[in-house]
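Undergrad: My questions will all concern the structure given below.
The values are calculated or read from the model by the stated rules, or taken from the named source; none is laboratory data. Here the structure is a predicted model, which is why all the values come from computation and not from measurement. Cβ placement follows ideal geometry from the backbone for every residue including glycine, while neighbour counts extend to all protein chains displayed.
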Amino acid sequence: MKYSLVCRNCGLKFQDNGFAFSCPAGCSSIISTHYPSLFHPKGQGIWRYANWLPVEGENSYIGKPVLFKSPELSSEVGAEVYIAFHGYFPEIGAELITCTFKEIEAAVSLRYAAEKGADIALASVGNTANAFLTFSHYEDINVYLFVPERVFECVFCYEKSENATLVMVDGSYDDASNLARKFAELKGIEYEGGGRNVARRDALATLAYAFLETYGFLPDVYFQAVGSGTGAIAFYEGSRRLIDSGMADKLPRIVVAQNEPFTPIVDAWQRKSREIGSYEYDPLDVVYAKVLTNKNPLYSMRGGLYDIMGETGGFAVSASEREAKEAGKLFREIYGVDLYPAAAVALAALLKSNVDGKVLLNITGAGFRRLKKDYRIKRPKPDFVITDEDDLETIA
Ligand SMILES: [Zn+2]
């Protein structure tokens, strides 16, 4: 077998029968892939690392992050700052046409689903939906995207895939997510699984491999703004694979950033608690970086952010809307490109943190204004508008 799945709690190894991202023994832990093969880059883009992706073939997705060192930010931060730029900025070779790293996740998740012969349903607050809307046609499956009404204005593509169905949910992200899950059950298709889906995380883990190939080492510190924490866990997992393969010797400190006032991971981390608090309000109402509003992040469970930050000596830090906007302005002055709010939060958090050594800042989204100059962006209308479970029957 190319890979097996491993429970991060009890260590049980099992075969992947498709969309079983939970331990057969009942643990609520993260399930990771284990690849017996060694590091073996070959080819281009993310498919260069295909032997460490949970798929047999590849599709025509060609996007990848652009890596560079930033002397300007290094002097601001007082450390050696490297950027992983995910976005649209052809001047530096960055051509992610939905502007965020979500499209890298989507490309491999779609391939994974297609190889399992599964149609999928998932919820998104915007970037993920845009990625799946744009790239679903790479695979011959049906994709159902559930997006809350209040972030629907963020949905865009330049050509909507015919096999993608866009469902607007009159409710919160939690509502959208619950309805996507129920719809999958009702229809007998798969709930895509978000950050628990190994295809998504292993897609993002390719950043660690690309960094190592470019610079010959892993960073001392990895910085990223997180909603669910998928990208940060993926970078940790990728780094661990490189260490196990004898390619690197030290795990990067994993640092995650969130946007005030909704900072469940930062709050729990500062309490030194494994438990995420409960928040009664809808964070989409109060947060500038709306993609950072996950109420159920991958934090508490074994193999989640609490364990990873503890193991690597990392931490969690918050930044305000004002700090994020100032950071975004600084980045635009240096590089001439606009950051997405979440990426600005990550930069703001880095600027206020005391770190040294080699720091990798993941710019998870950028260049929407730049994209609009080159592409005629479409704002697709929902195929269906629903409010509750009863409406699921109406979705064809
Ligand atoms: Zn287990």
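Undergrad: Give the residue, chosen from 13, 2, that is within 16 Å of the ligand (Cβ to nearest atom), basic (Lys, Arg) and within 20 Å of residue 200 (Cα to Cα).
TA: Criteria check complete, one pass: 13.
Undergrad: Going through 66, 81, 77 one at a time, which residue ends up being more than 16 Å from the ligand (Cβ to nearest atom), of a type in the set (Val, Ile, Thr), more than 22 Å from residue 190 (Cα to Cα) and without any contact (Cβ under 8 Å) to a residue 40 or more places away in the chain? Full working, then the answer.
TA: Numbers: 81 fails: without any contact (Cβ under 8 Å) to a residue 40 or more places away in the chain; 77 fails: without any contact (Cβ under 8 Å) to a residue 40 or more places away in the chain.
When all the criteria are applied, what remains is 66.
Undergrad: Between 114, 199, which is under 28 Å from residue 35 (Cβ atoms) and touching an Asp or Glu at 6+ places or on another chain (Cβ under 6 Å)?
TA: Step by step, each of 114, 199 is checked, and only 114 is under 28 Å from residue 35 (Cβ atoms) and touching an Asp or Glu at 6+ places or on another chain (Cβ under 6 Å).
Undergrad: Which one of 102, 69, 116 is at pLDDT 95 or above and within 17 Å of the chain's Cα centre (by Cα)? So that I can check it myself, show each step before the final result.
TA: Details: 69 fails: within 17 Å of the chain's Cα centre (by Cα); 116 fails: within 17 Å of the chain's Cα centre (by Cα).
The conditions single out 102.
Undergrad: Return yes when residue 60 is near the ligand (Cβ under 9 Å from one of its atoms) and either touching a Cys at 6+ places or on another chain (Cβ under 8 Å) or not aliphatic (A, V, I, L, M) (or both) and no when it is not.
TA: In short, no.
Undergrad: Looking at segment 74-103, which of the residues that are of a type in the set (A, V, I, L, M) and touching a Phe, Trp or Tyr at 6+ places or on another chain (Cβ under 8 Å) is surrounded by the most Cβ atoms within 10 Å (Cβ to Cβ)?
TA: Looking only at segment 74-103, we keep the residues that are of a type in the set (A, V, I, L, M), and these are 77, 79, 81, 83-84, 92, 94, 96-97.
Filter again for touching a Phe, Trp or Tyr at 6+ places or on another chain (Cβ under 8 Å), leaving 83-84, 92, 94, 96-97.
Values: 83: 23, 84: 26, 92: 15, 94: 22, 96: 24, 97: 20.
The extreme case among them is 84.
Undergrad: Inside segment 348-396, can you point out the residues that are hydrophobic (A, V, I, L, M, F, W, C) and in contact with a Gly (Cβ under 7 Å, 6 or more places away or on another chain)?
TA: Within segment 348-396, 363, 366 meet the criteria.
Undergrad: In segment 16-57, which residues are part of a strand (DSSP E or B), in contact (Cβ under 8 Å) with a residue 40 or more places away in the chain and more than 12 Å from the ligand (Cβ to nearest atom)? Talk me through it step by step, then tell me what you get.
TA: So the first thing to find is which residues in segment 16-57 are part of a strand (DSSP E or B), and the list is 31-34.
In the following step, the residues that additionally are in contact (Cβ under 8 Å) with a residue 40 or more places away in the chain were identified as 31-33.
If the condition is that a residue be part of a strand (DSSP E or B), in contact (Cβ under 8 Å) with a residue 40 or more places away in the chain and more than 12 Å from the ligand (Cβ to nearest atom), then 33 is the only one that fits.
Undergrad: Have a look at 377, 395, 386 and point out the one that is in contact with a strand residue (DSSP E or B) (Cβ under 9 Å, 6 or more places away or on another chain), modelled with pLDDT under 95 and surrounded by 16 or more Cβ atoms within 10 Å (Cβ to Cβ).
TA: Being in contact with a strand residue (DSSP E or B) (Cβ under 9 Å, 6 or more places away or on another chain), modelled with pLDDT under 95 and surrounded by 16 or more Cβ atoms within 10 Å (Cβ to Cβ) holds for just one of 377, 395, 386, which is 395.
Undergrad: Looking at 84, 94, which one is under 30 Å from residue 355 (Cβ atoms), within 15 Å of the chain's Cα centre (by Cα) and among the small types (Gly, Ala, Ser)?
TA: Details: 94 fails: within 15 Å of the chain's Cα centre (by Cα).
On inspection, the qualifying residue turns out to be 84.
Undergrad: Hey, could you check segment 261-284 for residues that are assigned to a helix (DSSP H, G or I) and touching a residue at least 12 places away in the same chain (Cβ under 8 Å) and say which is surrounded by the most Cβ atoms within 10 Å (Cβ to Cβ)?
TA: Among those that are assigned to a helix (DSSP H, G or I) and touching a residue at least 12 places away in the same chain (Cβ under 8 Å), it is 265.
Undergrad: Also, quick follow-up: Can you tell me which residue among 98, 33 is in contact with a Pro (Cβ under 8 Å, 6 or more places away or on another chain) and of a type in the set (Val, Ile, Thr)? Even if it seems obvious, please write down each step before you answer.
TA: Numbers: 98 fails: in contact with a Pro (Cβ under 8 Å, 6 or more places away or on another chain).
Criteria check complete, one pass: 33.
Undergrad: If I filter segment 196-219 for residues that are more than 30 Å from residue 378 (Cβ to Cβ), outside any helix (DSSP H, G or I) and small (Gly, Ala, Ser), do I get at least one hit?
TA: yes
Undergrad: A further question follows. Kindly indicate whether any position in segment 224-244 is outside any helix (DSSP H, G or I), more than 17 Å from residue 350 (Cα to Cα) and not small (Gly, Ala, Ser).
TA: So far as segment 224-244 goes, no, none of its residues is outside any helix (DSSP H, G or I), more than 17 Å from residue 350 (Cα to Cα) and not small (Gly, Ala, Ser).
Undergrad: Another question about this same structure. Take residue 181 and tell me if it is under 27 Å from residue 303 (Cα atoms), of a type outside the set (Asp, Glu) and surrounded by 22 or more Cβ atoms within 10 Å (Cβ to Cβ).
TA: Numbers: under 27 Å from residue 303 (Cα atoms): yes; of a type outside the set (Asp, Glu): yes; surrounded by 22 or more Cβ atoms within 10 Å (Cβ to Cβ): no.
So residue 181 does not fit the description; no.
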